[in-house]
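In what follows, a structure is listed as structure tokens, so that the remarks can point back to it.
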Amino acid sequence: MPMPSSPSPAPSPARRRRSRAVLAGSGLLTVAAVCAAFAGIQNGAFATGPDPAASGPKQDTLRAEATAPRTPATVAPESTASPESSAATSPAPSPPPAHRSSEPKPKRKSSADRLATDLTGATAATAPLTGTQLAATALPDHDEMRWRPISDPVTQPLHQDFGLNECVSVPGALAWQQQGFISARKTPAVQDTLSFPDEAAARAAYRGVVGAMKDCAAESRALQKRYGLSQDAVVRRTAGTAGAADGTAWTRSWTGVQGFSAPGDQTNHVYAVRHGRVLALLHFDEWAAKAAPSYDVRGDAAVLRTLGAQLAD
């Protein structure tokens, strides 16, 4: 989760592809929305700063064009034609308007109406997500973190890949539900839950997450190298379950690159659980700047079982 620091680095093309599923203007608790909810936490509250790519020669040129004084070349010349010549060349009067029908025109749907129609049509996609959210008291390390929800969960049809972090992108989901939490330490946790057309698609998506997390250390170190940071990322699988609900847990300890993650020394805890045609992705962060890590990963197997049971209800 982003925190105030240096301005956000311009994303690479590959990262833009991964992050395109974070829907703008949807009202969901995307990374930016969660960070806005944490406003006031530290030095201006998670402001990501100006985008370096938004300035430069092109931007300066546009700004100069917008403020440049008008010159004779840019001002339309005044007409010197006489009134007589103007009258001679003026177009003939327009004919009277045709008789208008008294029948009312069909009323155009408002944006709210169109959205309601879209959501109604997506009922089959969003229905499996009802009741899949963990309670704040069921989150890892609750006794220490004292988690509380930021808002009610938000659900929306999904038409693009879903980007979880710098390593994981999930294709093929029909709908997305997100629930954000904040701890007593002012650190975030988020549960993202995705529904798929069928169980086979959800199982394939889960396997894709597992494969991407296997490569996450290398991906994270490459990102650190790109931005001149110490290449210290370490990813470890901490637990796994199999059966009706497949689940895997990981930790990533590293010096974060601001964007999907906050900058600075941190540990990210990531959980993926698949049950039926639903995939739940839970993650929370421990930031060294806030407090020393307190969570014992030996509890991760229990977290996976709890999340699987929630999906099965």
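Within the stretch 198-227, residues that are closer than 30 Å to LEU129 by Cα have Cβ atoms under 6 Å from residues that are in a helix (DSSP H, G or I) and among the small types (Gly, Ala, Ser) in no pair, counting only partners at least 6 apart in sequence or on another chain.
Looking only at the stretch 208-246, which residues are within 16 Å of LEU304 (Cβ to Cβ) and either modelled with pLDDT of 95 or more or part of a helix (DSSP H, G or I) (or both)? VAL209, VAL210, MET213, ARG236, ARG237, THR238, ALA239, GLY240 - these are the residues of the stretch 208-246 that are within 16 Å of LEU304 (Cβ to Cβ) and either modelled with pLDDT of 95 or more or part of a helix (DSSP H, G or I) (or both). Anything in the stretch 179-201 that is more than 27 Å from TYR295 (Cα to Cα) and buried (at least 23 other Cβ atoms within 10 Å of the Cβ)? List them, or say none. Within the stretch 179-201, SER195, PHE196 qualify. Scanning the stretch 123-178 for residues being crowded, with 19+ Cβ neighbours inside 10 Å and of a type in the set (Lys, Arg) gives a total of 0. Do we have any residue at all in the stretch 250-259 that's out of contact with any strand residue (DSSP E or B) (no Cβ under 9 Å at 6 or more places or on another chain), assigned to a loop (DSSP other than H, G, I, E, B), farther than 19 Å from GLN177 by Cβ and hydrophobic (A, V, I, L, M, F, W, C)? For the stretch 250-259, residues out of contact with any strand residue (DSSP E or B) (no Cβ under 9 Å at 6 or more places or on another chain), assigned to a loop (DSSP other than H, G, I, E, B), farther than 19 Å from GLN177 by Cβ and hydrophobic (A, V, I, L, M, F, W, C): present.
Can ALA233 be described as under 24 Å from the mean Cα position of the chain (by Cα) and farther than 21 Å from PHE162 by Cα? Yes: the conditions hold for ALA233. Does ASP215 meet the test of being over 17 Å from SER253 (Cβ atoms) and not aliphatic (A, V, I, L, M)? Spelling it out, it is not the case that ASP215 is over 17 Å from SER253 (Cβ atoms) and not aliphatic (A, V, I, L, M). For TRP287, the requirement of being over 23 Å from PHE162 (Cβ atoms), surrounded by 20 or more Cβ atoms within 10 Å (Cβ to Cβ) and not basic (Lys, Arg) is met. Count of the stretch 230-283 residues, restricted to those that are without any contact (Cβ under 8 Å) to a residue 40 or more places away in the chain, among the small types (Gly, Ala, Ser) and surrounded by fewer than 22 Cβ atoms within 10 Å (Cβ to Cβ), is 4. Among residues of the stretch 165-187 that are on the phi > 0 side of the Ramachandran plot, those with a Cβ under 9 angstrom from a residue that is surrounded by fewer than 24 Cβ atoms within 10 Å (Cβ to Cβ) and of a type in the set (D, E, K, R), sequence gap 6+ or separate chain, pair up as GLY172/ASP161; LYS186/LYS290.
The values are calculated or read from the model by the stated rules, or taken from the named source; none is laboratory data. For clarity, every value in this text was computed on a predicted model and none was experimentally measured. All Cβ positions, even for glycine, are placed from backbone atoms using ideal geometry, and neighbour counts span all protein chains on display.
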